[in-house]
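Some notes on the structure that comes next.
The values are calculated or read from the model by the stated rules, or taken from the named source; none is laboratory data. Everything numeric here is computed off the predicted structure, so don't read it as measured data. Here the Cβ positions follow ideal geometry from the backbone for every residue, glycine too, while neighbour counts run over all protein chains shown.
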Amino acid sequence: MDTTSAVAAAGPAAVVHTAHAAVLREEGRPLSLEEVELAELADDEVLVQIAGVGVCHTDISAAEGVVPLPLPAVLGHEGAGVVIAVGPRVRSLGVGDHVVLSYDFCGECRNCTTKTPAYCELFAPLNYFGERLDGTVTLRAGEEDIHGNWFGQSSFASLAIADERNAVRVPKDLPLHLLGPLGCGLQTGAGSVMNVLRPDEGDSLAVFGLGAVGLAAVMAGRAVNCGEIIAVDINPARLELARELGATHCIDPTQTSDLVWDVMNLVPNGVDCSFDAVGSNQVIRQALEILRSPGHCVTVGFRGLEHDITIDQGHLLLGRRLTGVIEGDADPRAFLPVLIELYRAGKFPFDRLIETFSLAQINDAIAASTSGAVIKPVIAFR
Ligand SMILES: [Zn+2]
Ligand SMILES: [Zn+2]
């Protein structure tokens with residue numbers, strides 16, 4: 001356990017948990033390593049000792065100020081760890097359970113009750129506002145409030161408070177410190193293929209952008225027996241890895257004068273499905289133009305809250321669909337077990353994307369992600 005001490009003067013019920021955390025104090029500045037105190041658990045909350053937490057693009061966007069967030073704050077939303085305490089109304093989890101933390105959702109709105117919690121009506125306040133719905137914060141440093149609750153967890157810390165809802169129990173025989181990215185990036189890529197595009201066996205799939213999200217889409221395409229899987233990226237090492245993970249064709253767009261033409265030569269009537277993890281106007285247009293008629297394109301690449309794109313209506317009118325997706329349309333309680341079974345079967349080897357760092361190296365981990373040197377950095381606590 002981390003540093004947990006009873007405060008004698010406060011009586012036997014009050015136990016103050018302190019954690020090592022990476023705190024964002026100023027946009028665009030390195031995270032600072034600090035000791036923080038965690039609040040007493042609310043009724044439906046659990047306290048998790050973090051074993052590992054992935055660095056996701058959304059953390060980096062928030063650290064750079066692209067996602068508005070009250071500061072100081074603790075980021076991190078791909079946590080995995082062991083439950084060490086539960087609130088009084090928690091029923092489905094107990095001390096000692098291994099959990100992967102995913103995004104938070106209310107569980108009660110129209111979208112949550114129709115199995116699309118990624119579009120929860122309270123998604124923004126539950127995941128982005130840095131406080132509980134009642135306005136209280138979960139973290140303190142001395143007399144200062146620190147904003148937690150980032151994606152219902154703030155897991156760039158040795159301890160995190162999550163909700164019973166967004167803590168998904170996982171088997172204990174798996175490498176817990178590596179599982180966190182299943183809760184966001186990997187779920188986003190694989191879920192977009194398996195829950196939204198839903199290719200039939202033999203269907204073709206094109207994936208633009210081979211970070212963790214895009215490579216998860218490639219692995220998922222292979223796992224559901226797609227035919228041609230076309231991987232597109234400007235990084236030769238990522239193209240090679242995509243080939244090892246299931247891509248049948250690899251294209252470097254800087255090495256061709258007409259990517260759409262190249263794809264049409266590979267799949268003469270166009271691809272059945274395409275997936276954009278880049279988010280640029282040019283890539284979204286290409287991902288739409290290479291589709292057969294009808295065909296389906298999913299876009300997940302996030303470029304900020306205001307980001308206009310221009311597409312040709314003529315391309316859509318051919319029965320094509322363009323769908324924006326959050327978190328792979330996945331209910332993590334149902335989907336993470338699916339991904340774990342694929343991993344066990346050797347069909348979703350996501351651990352090949354991961355390099356581990358210590359918490360003290362978190363700014364190096366972020367830099368390695370930004371530069372592309374590492375596909376999925378994971379902060380491991382040992
Ligand atoms: Zn909801
Ligand atoms: Zn994420």
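Assess whether Ala118 counts as being within 18 Å of the chain's Cα centre (by Cα) and free of Cβ contacts under 8 Å to residues at least 40 places away in the same chain. Considered against the rule, which asks whether it is within 18 Å of the chain's Cα centre (by Cα) and free of Cβ contacts under 8 Å to residues at least 40 places away in the same chain, Ala118 comes out as no. Here is the figure for the range 56-99: residues that are within 22 Å of Glu35 (Cβ to Cβ), away from ligand 2 (no atom under 14 Å from the Cβ) and among the small types (Gly, Ala, Ser) total 3. Inspect the range 144-151 for any residue being touching a helix residue (DSSP H, G or I) at 6+ places or on another chain (Cβ under 9 Å), within 16 Å of ligand 2 (Cβ to nearest atom), closer than 23 Å to Leu33 by Cα and aromatic (Phe, Trp, Tyr) and give the result as yes or no. There is at least one residue in the range 144-151 that is touching a helix residue (DSSP H, G or I) at 6+ places or on another chain (Cβ under 9 Å), within 16 Å of ligand 2 (Cβ to nearest atom), closer than 23 Å to Leu33 by Cα and aromatic (Phe, Trp, Tyr).
Could you look through the range 102-118, keep only residues that are out of contact with any Lys or Arg (no Cβ under 9 Å at 6 or more places or on another chain) and under 21 Å from Ala62 (Cα atoms), and pick out the one that is surrounded by the fewest Cβ atoms within 10 Å (Cβ to Cβ)? Among those that are out of contact with any Lys or Arg (no Cβ under 9 Å at 6 or more places or on another chain) and under 21 Å from Ala62 (Cα atoms), it is Ala118. Would you confirm whether any residue within the range 25-43 is within 20 Å of Asp104 (Cβ to Cβ), modelled with pLDDT of 95 or more and within 15 Å of ligand 2 (Cβ to nearest atom)? Looking for residues that are within 20 Å of Asp104 (Cβ to Cβ), modelled with pLDDT of 95 or more and within 15 Å of ligand 2 (Cβ to nearest atom), one finds none in the range 25-43, hence no.
In the set (1) assigned by TED's automatic domain parsing to the domain that holds Cys297; (2) in contact with a Cys (Cβ under 9 Å, 6 or more places away or on another chain); (3) basic (Lys, Arg), Arg222 fails one condition alone, (2). In the range 147-157, is there at least one residue being on the phi > 0 side of the Ramachandran plot and of a type in the set (A, V, I, L, M, F, W, C)? There is at least one residue in the range 147-157 that is on the phi > 0 side of the Ramachandran plot and of a type in the set (A, V, I, L, M, F, W, C). The condition (being surrounded by fewer than 15 Cβ atoms within 10 Å (Cβ to Cβ) and of a type in the set (A, V, I, L, M, F, W, C)) is satisfied by just one residue among Ala365, Ala330, Ala345: Ala345.
Checking the stated criteria, Glu289 turns out to be buried (at least 18 other Cβ atoms within 10 Å of the Cβ), among the charged types (D, E, K, R) and more than 23 Å from Leu186 (Cβ to Cβ).
All of Gly185, Gly191, Gly209 fail the test of being touching a Phe, Trp or Tyr at 6+ places or on another chain (Cβ under 7 Å) and closer than 19 Å to Phe302 by Cβ, apart from Gly191.
Scanning the range 100-121 for residues that are within 11 Å of Gly152 (Cβ to Cβ) and more than 16 Å from ligand 2 (Cβ to nearest atom) returns a single hit, Cys106.
Entry remark, the range 283-317: residues being farther than 21 Å from Gly227 by Cβ and either at pLDDT below 95 or of a type in the set (A, V, I, L, M) (or both) number 20 in total.
Scanning the range 356-374 for residues that are outside any helix (DSSP H, G or I) and in contact with a strand residue (DSSP E or B) (Cβ under 6 Å, 6 or more places away or on another chain) yields Thr356, Phe357, Val374. Against the criterion of being outside any helix (DSSP H, G or I), in the same structural domain as Gln361 (by TED's automatic domain parsing) and either surrounded by 24 or more Cβ atoms within 10 Å (Cβ to Cβ) or under 14 Å from the mean Cα position of the chain (by Cα) (or both), Val137 does not qualify.
Listed by position, the strands (runs of 3 or more DSSP E) enclosed by the range 169-262 that each have at least 3 residues that are surrounded by 24 or more Cβ atoms within 10 Å (Cβ to Cβ) are 205-208, 229-232.
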